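Bear in mind these aren't lab numbers, they're just calculated from the coordinates by the rules spelled out. All figures in this text were calculated on a predicted structure; none of them were measured in a lab. Here the Cβ positions follow ideal geometry from the backbone for every residue, glycine too, while neighbour counts run over all protein chains shown.
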Amino acid sequence: MAPQTGSNAPAEAADTLVGQFVGGLMIREQLTEALRVAAEAQGLDAPAEIGLEQPANRDHGDWSSNLAMATAKQAGTNPRELAGQLIERLEAAGIPHVDSIEVAGPGFINFRLADTWLHDVLTAVVDAGEAGYGRNDSGAGTTVNVEFVSANPTGPLHAGHGRGAIYGDALASLLEHNGYDVVRETYINDRGVQMETYARSLQARAKGEEPPEDGYHGQYIIDWAAEIPADLDLDDLVAIREWGYARAKQDQTEVLDALGIEFDIWFSERSLLEEGKIESSMQELKERDMIFEQDDAVWLRSTEFGDSKDRVMVKSDGDYTYLTPDIAYHSVKMGRSDRLINVWGADHHGYVPRMKAAMFGLGHDPDALEVEITQMVTLLRSGDEVKLSKRSGDIVELREVVETVGADATRFTYLLQSVDSQQTFDMEAAASQAMDNPVFYTQYAHARIKSIMAKAAEAGVERQPLADVDLSVLTNDRELDVLRQLFAGPGMIELAGRERAPHRVVQWIRDLASAFHGFYHDCYVMGDGVSPEQTQARLWLSEAARIGLASGLGLLGVSAPDSMWTDEVDA
RNA sequence: GCCCUCGUAGCUCAGUGGACAGAGCAUCCGGCUUCGACCCGGACGGUCGCAGGUUCGACUCCUGCCGAGGGCUCCA
């Protein structure tokens, strides 16, 4: 799903990840290394990747390894006995923060740590700051091009486009946070049959006629046709086409702007033709014997790459199919990026094998092209399902979604689920400013921290330098839970990037918000019965949580508001 | 018929080969003299679609079947 180059092997990625942090976040590395040393002292070949995880069940310790189970066979003993022997060695090693080590269940080695390891996490988060938190260099040195939206300039973006648009943008941010050099790009099909059909549809409406049978029938065609300047000759189809092209592009750009999506490159299909890219890529395919002529048409040998049939590139009437300029386009992109990621709707999935075949035919590594498929979105408007179909005219414009739901909630809601699953987007639920809406719950946590900080300032309480603050007073499980979530964030960001799965970040940030709300409820930062030491430590804990929330929300392109009192954050 | 994605709690969905499968919502209890109750806690709730296989261990990997959506144009 997410092929990696050799230099990005998981173990190495994990090392660079923890390497970003001093103190607490090094704990995984320390434990892994101690396990490796113990295994080698035991005369075992330690596995390349030693399993080490934070068990969901805290009774199983803070950290747990399956090393004994994985190597019992080669040791010629049973896992529990081997675990016991390894533990003796581990105890002798004196690993920082480790309180006790025990064997459990079928042979797990469970570590219990002193709270100090989490106090180190707090310091590391504050040191990293909002911009640095969760950043790693697992993708350093790799340029990746993320192509998304790529809609025809023949109408407004609809709600279905929204999912791909926001997913693509969030994925790009995620990859940037993982050290990749990212280019956000979109492709405009500004030539071809669809453009002509669009022009004729506008022309017909402008003349008060019905669009052609195979034309565009949406209400927007009527609206836009009415905007055509009086001095534009309605018999000049080219002029109408160019006007309509600009109109559609303007509309799409406005909506993308409202969602905070900006492309580095808007790539024009026309430019391919003008620069002879289509001819040159055809020529290359020919040289590699990847195309052939039959029935007056030119075909791509895509069956050699798992496609169910060969595909036509040049029709018998001499026109290119959609595929042909797109192949040239991908060739251009390959020329300036190490990896390509395309975000396509589910209705284009069948297109993958032929594009891979073309990449192969052009001498590129087909695995350098990834295609992320976003499954379909069903939209609920006032509880009723609305079908998304551009041709039928009954569409929900992305503009309507953003205007009803707000940019933040629109982004967050689209990102809630894996793009592998079909999604039902309930506009009423997404727009709701209540606790059943995860975006408000999460933003509220951030606003709440801001409110505490304001309250502290009002009361004349100043945060002392962190180095002077005694973090050992943070012993409440609520406090430690916040720190556990902050520890988990960077690993989650790395994983989410590797899996091309921004929704993982959404899950995590909801958990972080939840941990903070719990802390807030049980632990007063200021007031009666709270010592000045606790106030200081808790203010810093809150600041660390704020950094995590702001950073995570930033990755998703969602604002981290100072206050929830007004709905300005919706704008 | 072939290809892709999905099938997990009443609903919407998470789940990186590990120990008792999680969250939110819904339902039912409980909690505000302090920093935002737009909040917190508890209870209830599961044959992880079905059947095989690989593995010390499978919701996770493999095969087959069933069901849902999408795709299989010299359309885009």
State the antiparallel share, in %, of DSSP beta bridges confined to the stretch A:100-198, rounding to the nearest 5.
50
State the dimensionless ratio Rg/Rh of the stretch A:220-342 (Rg: radius of gyration of Cα atoms; Rh: Kirkwood radius).
1.07
Links exceeding 23 Å between C-alpha atoms in this model, out of A:K207/A:K315; A:K277/A:K333; A:K249/A:K356; A:K249/A:K315; A:K309/A:K333; A:K249/A:K309, come to A:K207/A:K315; A:K249/A:K356; A:K249/A:K315; A:K309/A:K333; A:K249/A:K309
Projected onto the charge dipole of chain A (unit charges on the beta-carbon of Lys, Arg, Asp and Glu, signs +1, +1, -1, -1), the Cα from A:F487, A:L273, A:H330 with the largest positive-side position is that of A:F487
First select every other residue whose beta carbon is under 15 angstrom from the beta carbon of A:E102; then total the charges, Lys and Arg +1, Asp and Glu -1.
-2
Dipole of the stretch A:438-570 [Lys/Arg +1, Asp/Glu -1 at C-beta], most positive-end residue of A:P502, A:W565, A:Y520:
A:P502
May I ask you to evaluate 6.51 cos²θ - 1.76 cosθ + 1.60, the Karplus curve with θ = phi - 60°, for each residue of the stretch A:525-532 and list the ³J(HN,Hα) values in order in whole Hz, giving x for glycine and proline?
7, 9, x, 4, x, 10, 6, x
Explain nothing, just the number: dipole magnitude of the stretch A:438-570 about its Cα centre with +1 on each Lys and Arg Cβ and -1 on each Asp and Glu Cβ, in debye rounded to the nearest 20.
420
Can you tell me the relative contact order of chain A? Whole percent, Cα pairs under 8 Å, sequence separation 6 or more.
16
Peptide ranges A:541-554, A:512-525 listed from the most packed, as the mean C-beta count within 10 angstrom indicates
A:541-554, A:512-525
Hey, what D do you get for the stretch A:478-571 in µm²/s if you plug the Kirkwood alpha-carbon radius into Stokes-Einstein at 10 °C and 1.306 mPa s?
111
Total charge dipole magnitude, the stretch A:353-468, about the Cα centre, Cβ charges on Lys, Arg, Asp, Glu only, Debye to nearest 20
160
Student exercise, chain A dipole from Lys, Arg, Asp, Glu Cβ charges, in Debye to nearest 20:
780
In chain A, if the dipole is taken from +1 on Lys/Arg beta carbons and -1 on Asp/Glu beta carbons about the Cα centre, which of A:A407, A:Q54, A:G363 is farthest to the positive end?
A:Q54
Based on alpha-carbon atoms only, what is the radius of gyration of the stretch A:372-481 relative to the globular estimate 2.2 N^0.38 Å?
1.60
Please list 3J(HN,Hα) in residue order for the stretch A:48-62, calculated via the Karplus relation 6.51 cos²θ - 1.76 cosθ + 1.60 where θ = phi - 60°; whole Hz, with x for glycine and proline.
3, 10, 7, x, 8, 9, 9, x, 4, 8, 5, 4, 8, x, 7
Rounded Å value of the spacing that divides the Cα centres of the stretch A:303-381 and the stretch A:460-507:
41
Among DSSP bridges having both ends in chain A, what percentage is antiparallel? Round to the nearest 5.
50
If I fit a long axis through the Cα atoms of helix A:477-498 and take the longest principal axis of the Cα atoms of chain A, what angle between them do I get, 0 to 90°, rounded to 10?
40
Output the peptides A:200-212, A:118-130 sorted from most to least packed, where packing is the average of other Cβ atoms within 10 Å over each peptide's residues.
A:118-130, A:200-212
Paired Rg and Dmax values of chain A, which use every Cα atom, in angstrom:
28.2, 90
If each residue's Cβ is checked for other Cβ atoms within 10 Å, how do A:D347, A:D115, A:D59 rank with the fewest at the top?
A:D59, A:D347, A:D115
For helix A:438-458, what angle does its Cα long axis make with the longest principal axis of chain A, in degrees from 0 to 90 and rounded to 10?
50
When ranked by the protection proxy of mean other Cβ atoms within 10 Å per residue, highest first, what sequence do the peptides A:86-93, A:178-185 form?
A:178-185, A:86-93
Can you give the local net charge around A:S451? Use residues other than it whose beta-carbon is closer than 12 angstrom to its beta-carbon, Lys and Arg +1, Asp and Glu -1.
+2
